[in-house]
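Please read the structure below before turning to the comments.
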Amino acid sequence: MKTISVFFIVFILSIVNVYSQNISGDWSGATKRGDKLITFIFKIEQENSGYSVTMNVPTFRISGIKPAATTFTNGKLIIDGSNVGMSYVGIYNNETQQFEGTYKEGGMELALNLKKGAVEITDKRRPQEPVKPYPYYEEEVVFKNIEAKIELAGTLTLPSENGTFPVVILISGSGPQDRDETFMGHKPFLVLADYLTKEGIGVLRFDDRGQGESTGDFGTATTEDFSKDVLSAIAYLKTRNDVDKKNIGLIGHSEGGIIAPLAANNSKDVAFIVLLASTGISGAELSVMQSKTLRQFPVEDEDAYEKNTRKAIAIVTSDKSELEIKKELTKHYNDFLRPILMSLNVPEKNINLFIESELKTSLKPWSRYFLQYNPADEIAKLQIPVLSLNGSKDTQVDAEINQDGIREALIKGGNKDYKIIELENLNHFFQECETGKMDEYRKIEQTFSPTALKEISKWILKRL
């Protein structure tokens, strides 16, 4: 009995020690999704009486993701990344010296254990990525969005340290992105910036708000908010003596292509715009299209599915209170999505997780703004040169439909200098591809088609 008591006291003391310890530092672990092993690193830092976290996913070369809140109480670690669409909950196991828990992202749920210490990251640099030292000038910069009270961190590259140069601002696509627009092991903005700078065009690229070295909350921002970040970048460039203030341009990819016109129409200092895989139809229509083309499950009645998708959009964009919208949308998703998923023998737990994820995404300020925004309205106002490039095998943004919308808007507005090109066999990220499907991105070694790079630089240089 005495021995048991001593063991119990030691056990209790060890738990108290864990519960009260400072968990600052790197915690890493790996989990499998299908055949893919995904490695996570959470850098935990103590802030006053709480903690903050920066998440890196070396497998996908993603870094600098900043979840909204982190708590550690009674051995339970909760990382709330609702601002970036993820969460982690883990319980510390004193015997194994690790957090044992679950990582969630969208409708995905993965078992993930975290041990103290970082894992070794091997550089899987793609062939097109530049290697230092670069044959041009590079500077790490920080500028402010005064209205939003945030700081945006980025990289400015110029053909030389001396001189005055035209500069383009790169605007990333949807979702939290770093300055290189890192995705699926690729860094397209790094490759694009390197190419353009070597051609004599300076480039400013920056981390989205709340990502990398930038401050702010990505999860509460809308497309309009991101356009104001671009306006802050323009204002910053105008303060520099090495920037040709009459030749500041914008290059937007995907959502960046609908942010760019919005920013340009609120500035007198944008000389030209390049739209890469941009949309020319409303967010609502694009969402209906993507709900069918990117859906990962079959349905028996496509017409009924579209009708229900449109009903969900109507609920989200209504003038009702958020509480009323949530209540109505919850019922609609349960009536609409649950039977489809049940017919596919999806476990109840996963169905609930999927619907919960859909609700969170639908109710975000970004979603409500995006669904009601039609970029054609802003494109029609543009009286500056516009280049639109889309890939013929883009499965996310259909080239023909969206470029028709862009063309009609430019004609309607009387724009006299525009060029619209559909590039053969390129996907949403301008890689030469076979199918254009999203699961192909990572398998392709090419990051950015040389054909697309040449089209961009050639068009810009003619207008300087």
Please work out if residue 256 is under 30 Å from residue 43 (Cα atoms), among the small types (Gly, Ala, Ser) and surrounded by fewer than 23 Cβ atoms within 10 Å (Cβ to Cβ). no
Residue 211: passes all of (1) loosely packed, with under 15 Cβ neighbours inside 10 Å; (2) under 26 Å from residue 430 (Cβ atoms); (3) among the polar types (S, T, N, Q) but (1)
Residue in region 311-324 that is surrounded by the most Cβ atoms within 10 Å (Cβ to Cβ), counting only those that are in a helix (DSSP H, G or I) and among the small types (Gly, Ala, Ser): 312
In region 166-190, which residues are touching a Ser or Thr at 6+ places or on another chain (Cβ under 9 Å), surrounded by fewer than 23 Cβ atoms within 10 Å (Cβ to Cβ) and not polar (S, T, N, Q)? 185
The conditions are (1) in contact with a Cys (Cβ under 7 Å, 6 or more places away or on another chain); (2) closer than 27 Å to residue 167 by Cα, and residue 393 fails exactly one of them. Which is it? (2)
Can you find a residue that is more than 19 Å from the chain's Cα centre (by Cα), polar (S, T, N, Q), at pLDDT 90 or above and over 19 Å from residue 22 (Cβ atoms) anywhere in region 83-96? no
Going through region 130-148 one residue at a time, which ones are surrounded by 16 or more Cβ atoms within 10 Å (Cβ to Cβ) and either at pLDDT below 95 or in a loop (DSSP other than H, G, I, E, B) (or both)? 130, 136, 148
Hits in region 186-206 - residues which are more than 23 Å from residue 438 (Cα to Cα), of a type outside the set (Lys, Arg) and under 15 Å from the mean Cα position of the chain (by Cα): 206
Pick out the one residue from 31, 3, 39, 70 that is surrounded by 19 or more Cβ atoms within 10 Å (Cβ to Cβ) and either on the phi < 0 side of the Ramachandran plot or modelled with pLDDT of 85 or more (or both). 70
Give the residue, chosen from 308, 350, 334, 345, that is of a type in the set (S, T, N, Q), assigned to a helix (DSSP H, G or I) and farther than 19 Å from residue 292 by Cα. 350
Among the listed residues 230, 270, 168, 203, which satisfies the condition of being of a type in the set (A, V, I, L, M, F, W, C), part of a loop (DSSP other than H, G, I, E, B), closer than 23 Å to residue 418 by Cβ and touching a residue at least 12 places away in the same chain (Cβ under 8 Å)? 270
Residue in region 215-233 that is of a type in the set (Asp, Glu), under 18 Å from the mean Cα position of the chain (by Cα), assigned by TED's automatic domain parsing to the domain that holds residue 169 and surrounded by fewer than 20 Cβ atoms within 10 Å (Cβ to Cβ) present: yes
Looking at 208, 180 in this structure, which one is of a type outside the set (A, V, I, L, M) and either out of contact with any strand residue (DSSP E or B) (no Cβ under 8 Å at 6 or more places or on another chain) or part of a strand (DSSP E or B) (or both)? 208
Selected residue (criterion: modelled with the lowest pLDDT) from residues of region 207-257 that are within 20 Å of residue 67 (Cβ to Cβ) and of a type in the set (Phe, Trp, Tyr): 218
If residue 109 satisfies every condition in (1) more than 26 Å from residue 363 (Cβ to Cβ); (2) surrounded by fewer than 20 Cβ atoms within 10 Å (Cβ to Cβ) but one, which is the exception? (1)
Step by step: first the residues of region 354-384, then only those that are under 17 Å from residue 221 (Cβ atoms) and of a type in the set (Ser, Thr, Tyr), then the one that is modelled with the lowest pLDDT. Which residue is that? 361
Answer residue from region 411-464, given it is part of a loop (DSSP other than H, G, I, E, B), buried (at least 18 other Cβ atoms within 10 Å of the Cβ) and of a type in the set (Gly, Ala, Ser) and is nearest to the chain's Cα centre (by Cα) among those: 436
Might you let me know whether region 385-395 holds any residue that is of a type outside the set (Asp, Glu), out of contact with any His (no Cβ under 7 Å at 6 or more places or on another chain), surrounded by 18 or more Cβ atoms within 10 Å (Cβ to Cβ) and assigned to a loop (DSSP other than H, G, I, E, B)? yes
Quick one: what pairs do we get from region 50-66, first residue under 15 Å from residue 79 (Cβ atoms) and among the hydrophobic types (A, V, I, L, M, F, W, C), second at pLDDT below 85 and surrounded by 18 or more Cβ atoms within 10 Å (Cβ to Cβ), C-beta under 6 Å, 6+ apart or different chains? 65/84
Please enumerate the residues belonging to region 37-63 that are out of contact with any strand residue (DSSP E or B) (no Cβ under 7 Å at 6 or more places or on another chain) and of a type in the set (Lys, Arg). 61
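The values are calculated or read from the model by the stated rules, or taken from the named source; none is laboratory data. Please read these numbers as outputs of a predicted model, since none were measured by experiment. Please note: Cβ atoms are built from the backbone with ideal geometry, for glycine as well, and neighbour counts cover all protein chains shown.
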